[in-house]
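Bear in mind these aren't lab numbers, they're just calculated from the coordinates by the rules spelled out. Just so it is clear, the model here is predicted, and its values are computed rather than measured. Here the Cβ is made from the backbone with ideal geometry for all residues, glycine too, and neighbour counts use every protein chain on show.
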Amino acid sequence: MACKRGALIVMEGVDKAGKTTQCKKLVEALQQSGRPAEMIRFPDRTTTIGQLISAYLEKKSDLEDHTVHLLFSANRWELVPLMKKKLEQGTTLVVDRYAFSGVAFTSAKPGFCLDWCMKPDVGLPKPDIVMFLRLSPAEAALRSQFGEERYETSVFQSAVQQNFEQLIKDPSVNWQAIDASQSVEDVHENITTHSLNTINTSQNLQLGEL
Ligand code: DGP
């Protein structure tokens, strides 16, 4: 019998919403229950393209806005062969940010629309579920100081939040909004329930494309 494929589970939201913490906890919980699972994080700063992105985020270099948008997308595309292989082998991938961050962040810049921003990511593996960790910019600001990286300002994050609220209306994507203002454990429980359902249902479905 062919091995059942893993699920592609994506976590999205503004900075400080708890995505990284929740991705790690979910992977741990899945592994402990005997389900193969791995975490992937975008941008992947380890590749050559990722290093260009990292320098840009750290404000060590400046890049034209369209150019950096395409680099973020290329950074996702370069991992596609590995992602597909892992999914086919039955490993569930828990992904910290994906194409939706690309759209929400770039379209928060003047002169960019959601439609143009989505184009370079069309054809990427489609997540079986995208969990939107919803946290108001005011609550996010209370969690801790923003760092020094580009985009880490309340004004920019508010624009990003509004863009996410538009994106989650797209019925072609399986969005699940999660109240990220709850305790870490409550959010984790909520995310685990949705993830287990998704793993069970997606194994009988073909992996789609964005
Ligand atoms: P993180 O390593 O998760 O803190 O992400 C780094 C920053 O980059 C964060 O502010 C979100 C932003 N970001 C993530 N993906 C994209 C993308 O595809 N495009 C743009 N413009 N920004 C992104």
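Tell me, yes or no, whether segment 102-111 has at least one residue that is more than 20 Å from ILE178 (Cα to Cα) and more than 10 Å from the ligand (Cβ to nearest atom).
yes
Here is a check on your reading of the model: is LEU71 within 9 Å of the ligand (Cβ to nearest atom), of a type in the set (A, V, I, L, M) and surrounded by 15 or more Cβ atoms within 10 Å (Cβ to Cβ)?
Yes.
What do you reckon, is PHE156 within 12 Å of the ligand (Cβ to nearest atom) and either out of contact with any Gly (no Cβ under 9 Å at 6 or more places or on another chain) or not in a helix (DSSP H, G or I) (or both)?
yes
If a residue must be within 13 Å of the ligand (Cβ to nearest atom) and not polar (S, T, N, Q), how many such residues does segment 80-101 contain?
Matching residues across segment 80-101 total 6.
Going residue by residue through segment 144-156, is there one that turns out to be closer than 19 Å to GLU209 by Cβ and buried (at least 17 other Cβ atoms within 10 Å of the Cβ)?
no
I need every pair where a residue in segment 128-146 that is assigned to a helix (DSSP H, G or I) has its Cβ under 8 Å from the Cβ of a residue that is charged (D, E, K, R), sequence separation at least 6 or different chains.
ALA140/ASP15; ALA140/LYS16; ALA141/LYS16; ARG143/LYS16
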